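Heads up: the structure comes next, in structure tokens.
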Amino acid sequence: MTLETDISCLRRLPLFRSLPGPRLKLVALMGERLHFDAGARIIAEGEMPEGVYVVLEGEVEISHERSDGRSKRFLLASGSIIGDVPILCGQSYVGEVTAKSDVSTLRLPKDLFFELLETIPDFSLALSRDLASRLYRLADFVLHNEHVH
């Protein structure tokens, strides 16, 4: 894919929509484009994050195998961001992330992610809204034992 294609993909995502053109170009240039075939492991459970992954295309699954043999799983679609919570908390990944379908991501180094948060208030606000939305859906799931959407 080309730089212009990456910029176009990012611009469609609410998290990056408010970034000024030059910043969006910087994100696309500094981000590492990665492709994962369906079934490939993207992140191992317990791994410390070195950056965040923006899912540009495809669907990923986050899973955790419990000691009793049961597992918990949920899916994230294109447009999702992975790794922001562990980076912000200074914690490791709580589950394994695998490609449910063929997946294209843009991996943003930790330093770039923090620079965006520190220098672009609209990015910080968009990330806060995204985190709040995910927290609300998680609370709804836990309290009502319904499907997380």
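Among the residues of the stretch 40-57, those that are open to solvent by 50 Å² or more (accessible area, probe 1.4 Å) and closer than 16 Å to Asp84 by Cβ comprise Glu47, Met48, Glu50. Please tell me if Ile87 is open to solvent by less than 30 Å² (accessible area, probe 1.4 Å), modelled with pLDDT under 90 and within 23 Å of Asp6 (Cβ to Cβ). In short, no.
Going through (1) touching a Pro at 6+ places or on another chain (Cβ under 8 Å); (2) touching a residue at least 60 places away in the same chain (Cβ under 8 Å); (3) of a type in the set (A, V, I, L, M) one by one, Ile87 falls short only on (2).
When the stretch 66-77 is filtered for residues that are of a type in the set (Ser, Thr, Tyr) and either open to solvent by less than 70 Å² (accessible area, probe 1.4 Å) or in a strand (DSSP E or B) (or both), only Ser71 remains. Between Phe141, Phe114, the distinction of being over 30 Å from Glu4 (Cβ atoms) and open to solvent by 20 Å² or more (accessible area, probe 1.4 Å) belongs to Phe141 only.
Screening Ser101 with (1) touching a residue at least 60 places away in the same chain (Cβ under 8 Å); (2) under 23 Å from Ser63 (Cα atoms); (3) out of contact with any Asp or Glu (no Cβ under 8 Å at 6 or more places or on another chain) gives one miss only, at (3). For Arg129, the stated conditions do not hold, so it cannot be described as basic (Lys, Arg), closer than 16 Å to Ile62 by Cβ, open to solvent by 20 Å² or more (accessible area, probe 1.4 Å) and assigned to a helix (DSSP H, G or I).
Among residues of the stretch 124-143 that are polar (S, T, N, Q), those with a Cβ under 7 angstrom from a residue that is at pLDDT 85 or above, sequence gap 6+ or separate chain, pair up as Ser124/Leu117.
Just one of the listed residues (Ser104, Ser92, Ser63) is at pLDDT 90 or above, assigned to a strand (DSSP E or B) and more than 23 Å from Cys9 (Cα to Cα), namely Ser63.
The condition (being assigned to a helix (DSSP H, G or I) and not basic (Lys, Arg)) is satisfied by just one residue among Leu34, Leu29, Leu19: Leu29. Here's a check for you: in the stretch 29-39, which residue that is out of contact with any helix residue (DSSP H, G or I) (no Cβ under 8 Å at 6 or more places or on another chain) and loosely packed, with under 15 Cβ neighbours inside 10 Å is nearest to Glu4 (Cα to Cα)? This residue is Glu32. Annotation: Leu108 fulfils all but one of (1) within 17 Å of Glu32 (Cβ to Cβ); (2) open to solvent by 10 Å² or more (accessible area, probe 1.4 Å); the unmet one is (2).
The values are calculated or read from the model by the stated rules, or taken from the named source; none is laboratory data. Keep in mind that what you see is a predicted model, and the values were worked out from it rather than measured. All Cβ positions, glycine included, derive from the backbone under ideal geometry; neighbour counts span all protein chains shown. Side chains included, ligands, DNA and RNA excluded: accessible areas come from the protein's heavy atoms. Shrake-Rupley method; radii C 1.70, N 1.55, O 1.52, S 1.80 Å.
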